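Only one structure is covered here, and it is reproduced in the block below.
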Amino acid sequence: MRAVLTVVAVFLAGLVVLGPAAAEGAIVLNEVLADPARDWSPTDGDDTYDSLDDEWVEIYNTGPAAVDLTGWRLTDATGEWRFGFDGVLQPGAHVVVYGNESYDWEDANGFPKYGLSLNNGGDTVKLVAADLVTVVDQVTYTTSQTLDDRAYGRLPDGGAEWRVFDGLNPLNPPATGLMPSPGQPNGASPVEPTTWGGIKALFE
């Protein structure tokens, strides 16, 4: 009987979802690419570069438990809502929101359709909790940090330090050589990215 209870306890532990306060501390903005120069989005249905579709923002769960992101949103310096989340993000997981996904969300929810609308001349990206007031995390980037195919991200994932990932467009000087890595550990070579739609599909 004790063994059965132990198994049940372990199973239930895997289903824990953090409460609001703990969740807000666990989820961070992790990487931003504001000025794409190639086709980044795997969800736009084509292999063609589009400045709106191929911008992206990555978030990351630094905590030990899953976090329900339903109602959380992305915005920028304008304060306009750019994307709304719906689902659970597992511990140690990344999720990427691409410009075309943002556009589709705006269209479906009656907002002006601009996509992520990340300013190439510098901008502030904010992640806002479901109360639509609490800023969970934010990052401000400059022009040089996000020129063509340069991403700006935390190194390591969820860490305090932000670096320019300029492996596709080296800074001169100093080049870091780090590659943008949507949906993957920061600093790694690019592989097939993970999208928010792809994450949700795993639970459907």
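Summary of computed values
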{"quantity": "Residue in the range 110-157 that is modelled with the highest pLDDT, counting only those that are in a loop (DSSP other than H, G, I, E, B), more than 17 Å from Val97 (Cα to Cα) and hydroxyl-bearing (Ser, Thr, Tyr)", "calculated": "Thr134"}
{"quantity": "Residue count, the range 47-106 (criterion: free of Cβ contacts under 8 Å to residues at least 12 places away in the same chain and crowded, with 23+ Cβ neighbours inside 10 Å)", "calculated": "0"}
{"quantity": "Candidate set: the range 160-194, residues that are among the small types (Gly, Ala, Ser) and at pLDDT below 90; chosen: the one surrounded by the fewest Cβ atoms within 10 Å (Cβ to Cβ)", "calculated": "Ser189"}
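The values are calculated or read from the model by the stated rules, or taken from the named source; none is laboratory data. Remember, it's a predicted structure, so these values are computed and weren't measured experimentally. A quick note on method: Cβ atoms are made from the backbone with ideal geometry, for glycine too, and the neighbour counts reach across all protein chains shown.
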